Amino acid sequence: METNEEINNALSVLKRGGIILYPTDTVWGIGCDATNADAIDKIYALKKRSEEKALICLVSDFKMLNQFVEEVPEVAYDILKYAAKPTTIIYDKPIRVAEN
């Protein structure tokens, strides 16, 4: 299967509220549409994880970051601008994501 076909298949699954397995820089990740509460419930159930524990939300660029975080500290832009590899930053006040 070609990469584009695999990506299109994954997008189709995500749009239908499904979950996917995807490679990250270190391990395999289980992902879903962070705006879909039912899809998030599937991840909690699969991982047998308490809903009191937060999940991560991956973003691809500053535009996407600003769509999902109410207040991005200025220092975060500097850190991400110069990061040579994927970087984790914990933000307060997520927006436009499912409540769970």
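The values are calculated or read from the model by the stated rules, or taken from the named source; none is laboratory data. Computed from a predicted model, the values in this text were never measured in an experiment. Every residue, glycine among them, receives a Cβ derived from its backbone with ideal geometry; neighbour counts consider all protein chains shown. Surface areas here come from the heavy atoms of the whole protein model, side chains and all, with no ligands, DNA or RNA. Shrake-Rupley method; radii C 1.70, N 1.55, O 1.52, S 1.80 Å.
Loop sites by DSSP among the trypsin sites (Lys or Arg not before Pro) of the chain, restricted to those with at most 12 other Cβ atoms within 10 angstrom, leave 54-95 as the longest stretch without any of them.
Between GLY29 and TYR22, THR24, the built amide H atoms are under 5 Å apart, and every one of these is 5 or more places off in sequence or on another chain. Largest accessible area first, the listed residues CYS32, CYS57 line up as CYS57, CYS32 when surface is computed with a 1.4 Å probe on the assembled protein chains. With the cut-off at 27 Å, tell me which of the pairs LYS63/LYS93; LYS53/LYS81; LYS48/LYS81 have Cα atoms farther apart than that. Over 27 Å Cα-Cα: LYS53/LYS81; LYS48/LYS81. The angle separating the long axis of helix 3-15 from the principal Cα axis of greatest extent in the chain is about 90 degrees. Estimated at the nearest 10 Å², the accessible area of THR24 is 60 Å² with a 1.4 Å probe. From the Cα gyration tensor of region 12-55, with a ≥ b ≥ c the square roots of its eigenvalues, which class applies: rounded if a/c is under 1.5, or else prolate if a/b is larger than b/c, or else oblate? Oblate, since a/c reaches 1.5 and b/c is not below a/b. Contact order for region 44-100, expressed relative to its length and based on alpha carbon pairs under 8 Å spaced 6+ residues apart, stands at 37 percent. What the chain shows is 80 Å² of accessible area per residue, with the surface traced by a 1.4 Å probe over protein heavy atoms.
For region 1-39 versus region 44-100, the spacing of their alpha-carbon centroids is 17 Å.
Given a 1.4 Å probe and heavy atoms of the protein chains only, how would you sort GLU74, GLU5, GLU52, largest accessible area at the top?
Ranked list, largest accessible area first: GLU52, GLU74, GLU5.
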